[in-house]
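Enquirer: Let me begin by handing over the structure; questions about it come next.
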Amino acid sequence: MATRKIREMGDPVLEKKCKEVKEITPRVQELIDDMFDTLYEANGVGLAAPQVGILKRIVVIDTTGEDPILMINPRIVEMSGEQTGYEGCLSVPGKSGQVTRANYVKAVAYDGNMEPFEVEGTELLARAIQHELDHLDGHLYVEKVEGPLQDVEDTEEEA
Ligand code: NI
């Protein structure tokens, strides 16, 4: 198990656009493994590669602790509805803010074998997909927060 340091807001790596992954090299595989380890160690819902300082289009999400989803070069192809709720981010520790997002998304991505697949989600999964994909284009949820950022003691839904 190897965890990586999570970059925090203010680090320029979080503001850059990530590059597409072309193949799963041993280095990319190690990054993916480390991203899951880092996600679970931090009790997060999702983590994007730039959050560990790597500008690649890779996202890991697990909304229950038992449903790991790896998305390489993900793209949202459908979204509908609306949900407003509190959101946090492992790169913005101890904070939370209200964000309105689509309530349903369908995304396409590549898996760990570079095979294409689809993910559909509502509610928390839909929120996590939108939040993590924003990271790949250098955006943090704080740009979308309605009202003030709040301090939270329990940060169980950080992504
Ligand atoms: Ni985040």
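Enquirer: Once you have the Cα-Cα distance between PHE117 and GLU143, take 0.36 nm times their residue separation minus that, and quote the gain in nm to one decimal.
Expert: Taking PHE117 through GLU143 to full extension adds about 6.4 nm, to one decimal.
Enquirer: Which value in Å is the Kirkwood Rh of region 1-57 over different Cα pairs?
Expert: 11.7 Å
Enquirer: With a bin width of 5 angstrom, please list the P(r) values of region 88-159 as percents of all Cα-Cα pairs, from the 0 bin to the one holding the largest distance.
Expert: Percent of Cα pairs in each bin: 3, 15, 23, 23, 18, 9, 5, 2, 0.
Enquirer: Next question. Once the Cα gyration tensor of region 27-114 is found, what semi-axes does its equivalent ellipsoid get, as square roots of 5 times the eigenvalues, in whole Å, sorted largest first?
Expert: 22, 18, 11
Enquirer: Another question, then. Taking 26 Å as the cut-off for C-alpha to C-alpha distance, list the pairs among LYS22/LYS144; LYS56/LYS144; LYS19/LYS95; LYS22/LYS95 that go past it.
Expert: LYS22/LYS144; LYS19/LYS95; LYS22/LYS95
Enquirer: Magnitude of the Cβ-charge dipole of the chain, K/R +1 and D/E -1, about the Cα centre, nearest 20 debye?
Expert: Once rounded to the nearest 20, the dipole reads 780 debye.
Enquirer: Between GLU30 and GLU15, what is the label-point separation in nm under the 7 Å Cα-to-beta-carbon projection?
Expert: Placing both labels 7 Å beyond Cα along the Cβ direction yields 3.0 nm.
Enquirer: Among VAL13, VAL77, VAL52, which one moves the most in a GNM of the chain with springs linking Cα atoms closer than 10 Å?
Expert: Judging by the Gaussian network model, the answer is VAL77.
Enquirer: Separate question: On full extension of the chain, what length is gained from GLU153 through TYR40, given 0.36 nm per residue of separation minus the C-alpha to C-alpha distance?
Expert: Here the answer is 38.8 nm.
Enquirer: So, one more: For region 1-155, would you read off the P(r) tail past 21 Å as a percentage of all alpha carbon pairs?
Expert: Everything past 21 Å amounts to 40 percent.
Enquirer: Further question on the same structure: Taking the chain as a Gaussian network, where each spring joins two C-alpha atoms under 10 Å apart, which residue of ASP34, ASP11, ASP67 fluctuates the most?
Expert: ASP67
Enquirer: When only C-alpha pairs under 8 Å and at least 6 residues apart count, what is the relative contact order of the chain, in percent?
Expert: Taking the mean separation of contacting Cα pairs over the length of the chain, I get 27 percent.
Enquirer: Taking the solvent-accessible surface of protein heavy atoms with a 1.4 Å probe, what is the per residue accessible area of region 1-85 in Å²?
Expert: Dividing the accessible area of region 1-85 by its residue count gives 56 Å².
Enquirer: Name the longest site-free stretch of the chain, where the excluded sites are GluC sites (Glu not before Pro) in a DSSP loop with no more than 15 other beta-carbon atoms within 10 Å.
Expert: 83-152
Enquirer: When the accessible area of the chain is computed with all protein chains present and a 1.4 Å probe, what percentage of it is carbon and sulfur?
Expert: Ligands and nucleic acids excluded, carbon and sulfur reach 45 percent.
The values are calculated or read from the model by the stated rules, or taken from the named source; none is laboratory data. Just so it is clear, the model here is predicted, and its values are computed rather than measured. In this analysis, Cβ positions are derived from the backbone assuming ideal geometry, glycine residues included, and neighbour counts consider all displayed protein chains. For the accessible areas, the whole protein counts, side chains as well, though only heavy atoms, and no ligand, DNA or RNA atoms are used. Shrake-Rupley method; radii C 1.70, N 1.55, O 1.52, S 1.80 Å.
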